[in-house]
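In what follows, a structure is listed as C-alpha cells, so that the remarks can point back to it.
Values quoted throughout were computed directly from the atomic coordinates according to the rules given, and no laboratory measurement underlies them. The structure displayed is predicted, hence computed values, not measured ones. FYI the Cβ positions are ideal-geometry reconstructions off the backbone, even for glycines, and counts take in every protein chain you see.
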Amino acid sequence: MAHKVGVIGGDGIGPEVISEGLKVIESSGVDLEIHDYDLGGERYLRDGTILPDSILEEWKGLDVLYLGAVGTPDVPPGVIERGLLLKMRFELDLYINLRPFIASKGKRTDGHDFIVIRENTEGTYAGEGGLLRKGTPHEIATQGSVNTRYGVERCVKYAFDLSRSRPRKHLTLVHKTNVLTFSGDLWERTFYDVAEEYPDVEIAYNHIDAACIYFVENPQRYDVVVTDNLFGDILTDLGGAISGGIGLASSANLNPKRTSPSMFEPVHGSAPDIVGTGQANPTAAILSGALMLDFLNESEAARKIEKACAKPETQNGTTRQIGDAIAALV
C-alpha cells in the first residue's frame, strides 16, 4: 500500500531539493501517494494564505509531510515562521525534533555519530510575552519560556528510549541550570527522575556554552543529546557545521504517538540567491527523506539511501546530478 505523503516544496530551492528527494525515494522502490500543497512565502505574497485550518484538517488523513524550505526576503521575519512552521509543530504536536550528525570523511571531527533531540513545542518558541509602549524610548519587550513537566518528560523519555536502542547507550542533557534556575531545575529534575527507569543508559550533563565547545573540539564524546527548544535550535546548526555543512543536515519533526503526520525537512532554508542555478545540494532533503522512510517502517530503503549519500562521488555536480548519482546507487 502506498504511503500518503503531503509535499510542500515551498520557496526558493525548496522545490528543487524536494524533487531530487522524491526521485531518490522512487528509485528505492517505496511507493508514495503524493499530495502537493502550495504554501510558503510566495503563496503568502500572492493571496495572504499561510496555513488554513482546512489544510491542517486534510493533513490528519496523511501519513507524513515532506517540506523543502519556506521563506522569501519580501515577507517580514516571523510571519511564515510562526504562521506556518510553528503552527505545524504546535497543531500537529510535533514535539520531538530529531537531528542526526555523522561527520563527513576527511573532516577534523571525523568519527562522530550522534543525534540531538530537541523539545519542539515549548520553551521560548511558545510565544509567551509581548511589547509595551512599542516605538517609544520607554519600550519594553518580554519573551517568556514555557516549560511543563508533561512536555519535558515526554521529550526526555523519547531520548532515553533512543539512547537505549543505540550501541553506546549514552545520553547527555544540555541546559543552563546554573543561571536558568527555574526552567533548568525542571529539566534537570525530570532528567534524573526518568533516568531511574533506564539503569542501562549512561548519563551526563553539560551547560550549553560548554557543549558548544565540546561539539567543535570533541564531538565523539556524544551519542544522544537532549535539550530544550532554543538551545536545540542553536546547537543543531553547530552540529551541521561540524558534520560537513548545512547542506547535509537532515531533520525530523516527530509526533511519536502518530496522532498526526510527522514532518521531515532539510534545515538549510530557501537560499533565494541560488535558485535555479543548480548549486543547491539536495543531500539534506534526500537524507530527510530517508528519516521519513524510517518512520514509515521502510528501514531497508532508508539504509540504502543513507549509504549512497555517504559516497564521496555523489557530492559533486549540480542539484540534479547529485540526485541522479544517489538514485543510481540506491
Cβ-defined net charge surrounding residue 273, 15 Å radius [Lys, Arg +1; Asp, Glu -1]
-3
Region 59-147: which trypsin sites (Lys or Arg not before Pro) are DSSP loop and have at most 14 other beta-carbon atoms within 10 angstrom?
60, 105, 107, 108, 133, 134
Count of Lys pairs (Cα-Cα under 19 Å; at least 8 positions apart or interchain) in the chain
16
Local charge sum around residue 45 (other residues, Cβ-Cβ under 14 Å, Lys/Arg +1, Asp/Glu -1)?
-3
Residue order, fewest to most beta carbons within 10 Å, for 213, 50:
213, 50
Normalised by the number of residues in the chain, what is the relative contact order in percent for Cα pairs under 8 Å and 6+ residues apart?
25 percent
Where a ≥ b ≥ c are the square roots of the eigenvalues of the C-alpha gyration tensor, would you call region 213-312 rounded, which needs a/c under 1.5, or, failing that, prolate if a/b is larger than b/c, or oblate?
rounded
Mean Cβ neighbour count within 10 Å, used as a protection proxy, ranking 279-285, 195-201, 221-227 highest first:
279-285, 221-227, 195-201
Convert each backbone phi in region 148-161 into a coupling constant with the Karplus relation 6.51 cos²θ - 1.76 cosθ + 1.60 (shift: θ = phi - 60°), then list the ³J(HN,Hα) values in order as whole Hz, x for Gly and Pro.
10, 4, 4, x, 5, 5, 5, 5, 5, 5, 4, 5, 5, 4
Give, rounded to the nearest 20 debye, the magnitude of the charge dipole that the chain has about its Cα centre when Lys and Arg contribute +1 at Cβ and Asp and Glu contribute -1 at Cβ.
540 debye
Can you list the residues of region 16-31 with backbone N under 18 Å from a point 7 Å past the Cα of residue 297, pointing along Cα to Cβ?
30-31
Net charge of Cβ neighbours under 11 Å - reference residue 294; Lys, Arg +1; Asp, Glu -1
-2
Set the Förster distance to 25 Å, then compute FRET efficiency between residue 157 and residue 210 from the Cβ-Cβ distance, nearest 0.05.
0.55
Can you put 274, 208, 8 in order of Cβ neighbours within 10 angstrom, beginning with the fewest?
274, 208, 8
Can you sort 155, 212, 309 so the residue with the fewest Cβ neighbours within 10 Å comes first?
212, 309, 155
Give the calculated FRET efficiency between residue 311 and residue 165 to the nearest 0.05, with a Förster radius of 30 Å applied to their Cβ-Cβ distance.
0.70
Which GluC sites (Glu not before Pro) from region 120-170 combine a DSSP loop assignment with at most 11 other Cβ atoms within 10 Å?
139
